[in-house]
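Beneath this line is the structure, given in structure tokens, with notes to follow.
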């Protein structure tokens, strides 16, 4: 069986960037797109914060551009998921959903992470029509408007204060009578004049047809229902990294993000490198994912060179 130089698991900015660099280094990489080719950006409409697109770009088009560039340099793109891996030996093995086995000297993981959602039908209906899971990505579109954000952790608190600098008013919905966020982050939310915290509150429905007009919420202590008027609805209840396949094989934190050496993409297994949102629970931006994809490919190339494989 042929042993490849480099396999890339996952697409999106990290995977495609890794493919561009690996193919230009003559590593002849194979990229497995996974079940969502292009990653989270394929469900994102306007992307205005990625360098090189002065007029902005639609997320799906941006990923098509990334893919075309990777293919231009010879990347072999397979529209399959990897369902099983074996990293026990010097030659790493993976199996695709069709059952085919692939062997490689190096693996770049770019499987990403998915936002957790409330699970409301109206949430899906209004996705990219005012519903978002990234205030840093989309807050700009709601300048001087009223918005709603849901969540009680540090990320929700951070995004709430970020939105408060752009928006006229931020309605912050918290399910309990306190936040899980650190004390300093809670204080920032509570002490920001244009943030109103709605304690003990659940979202019943996001309102609107062609765009968000508000949300119907319920106080879970008193049972009182009310409507909050807003043009944007942000969900900040966490992300789930797509790393289940690597459990028990690669080191990860308690939430499933892969652990890498500081400033590098090295995992605890030699020849396996983790990039993008699968290893990044802090920034989670397309540009940082692309940057780490570059790092992963360069780390793989140097690893192969050091081993005398290339």
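The values are calculated or read from the model by the stated rules, or taken from the named source; none is laboratory data. It should be emphasised that the depicted structure is a prediction, and the values quoted were computed from it without experimental measurement. Heads up, the Cβs are rebuilt from the backbone with ideal geometry, glycines too, and the neighbour counts pull from every protein chain shown.
The figures follow:
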item: Residues satisfying the stated conditions in segment 151-173, i.e. out of contact with any strand residue (DSSP E or B) (no Cβ under 6 Å at 6 or more places or on another chain), outside any helix (DSSP H, G or I) and within 26 Å of residue 222 (Cβ to Cβ); result: 151, 152, 153
item: Only listed residue being in contact with a helix residue (DSSP H, G or I) (Cβ under 9 Å, 6 or more places away or on another chain) and either more than 22 Å from residue 239 (Cα to Cα) or buried (at least 19 other Cβ atoms within 10 Å of the Cβ) (or both), chosen from 59, 52; result: 59
item: Filter pass, residue 218 being touching a strand residue (DSSP E or B) at 6+ places or on another chain (Cβ under 8 Å), over 17 Å from residue 120 (Cα atoms) and surrounded by fewer than 19 Cβ atoms within 10 Å (Cβ to Cβ); result: no
item: Checklist (1) at pLDDT 95 or above; (2) surrounded by 14 or more Cβ atoms within 10 Å (Cβ to Cβ); (3) assigned by TED's automatic domain parsing to the domain that holds residue 121 applied to residue 158, failing item; result: (1)
item: Residue within segment 41-60 that is assigned to a loop (DSSP other than H, G, I, E, B), touching a strand residue (DSSP E or B) at 6+ places or on another chain (Cβ under 6 Å), modelled with pLDDT of 95 or more and more than 11 Å from residue 110 (Cβ to Cβ) present; result: no
item: The lone exception for residue 45 - which of (1) closer than 24 Å to residue 273 by Cα; (2) surrounded by 14 or more Cβ atoms within 10 Å (Cβ to Cβ) it fails; result: (1)
item: When residues of segment 266-285 are limited to those that are touching a residue at least 12 places away in the same chain (Cβ under 8 Å), assigned to a loop (DSSP other than H, G, I, E, B) and within 17 Å of the chain's Cα centre (by Cα), the one farthest from residue 247 (Cα to Cα); result: 285
item: All positions within segment 125-147 that are over 21 Å from the mean Cα position of the chain (by Cα) and in contact (Cβ under 8 Å) with a residue 60 or more places away in the chain; result: 142, 145, 146, 147
item: Condition met for residue 111 (in a loop (DSSP other than H, G, I, E, B), surrounded by 22 or more Cβ atoms within 10 Å (Cβ to Cβ) and in contact (Cβ under 8 Å) with a residue 24 or more places away in the chain); result: yes
item: Restricting segment 68-84 to residues that are in contact with a helix residue (DSSP H, G or I) (Cβ under 6 Å, 6 or more places away or on another chain) and not in a loop (DSSP other than H, G, I, E, B), the residue that is surrounded by the fewest Cβ atoms within 10 Å (Cβ to Cβ); result: 69
item: Qualifying positions in segment 241-258 - surrounded by fewer than 14 Cβ atoms within 10 Å (Cβ to Cβ) and either free of Cβ contacts under 8 Å to residues at least 12 places away in the same chain or assigned to a strand (DSSP E or B) (or both); result: 247, 248, 254
item: So residue 208, is it out of contact with any strand residue (DSSP E or B) (no Cβ under 6 Å at 6 or more places or on another chain), at positive phi and crowded, with 17+ Cβ neighbours inside 10 Å; result: yes
item: Subset of segment 20-32 [outside any helix (DSSP H, G or I) and crowded, with 24+ Cβ neighbours inside 10 Å]; result: 27, 29, 31, 32
item: Every pair of residues 6+ apart whose Cβ atoms lie under 6 Å, when the first sits in segment 183-203 and is free of Cβ contacts under 8 Å to residues at least 40 places away in the same chain while the second is loosely packed, with under 15 Cβ neighbours inside 10 Å; result: 199/177; 200/177; 200/219; 200/220; 200/221; 201/219; 202/220
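Let's see how each residue does on (1) at pLDDT 95 or above; (2) farther than 21 Å from residue 44 by Cβ:
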position: 136; (1), (2): no, no
position: 145; (1), (2): yes, no
position: 153; (1), (2): no, yes
position: 167; (1), (2): yes, no
position: 172; (1), (2): yes, yes
position: 180; (1), (2): no, yes
position: 185; (1), (2): no, yes
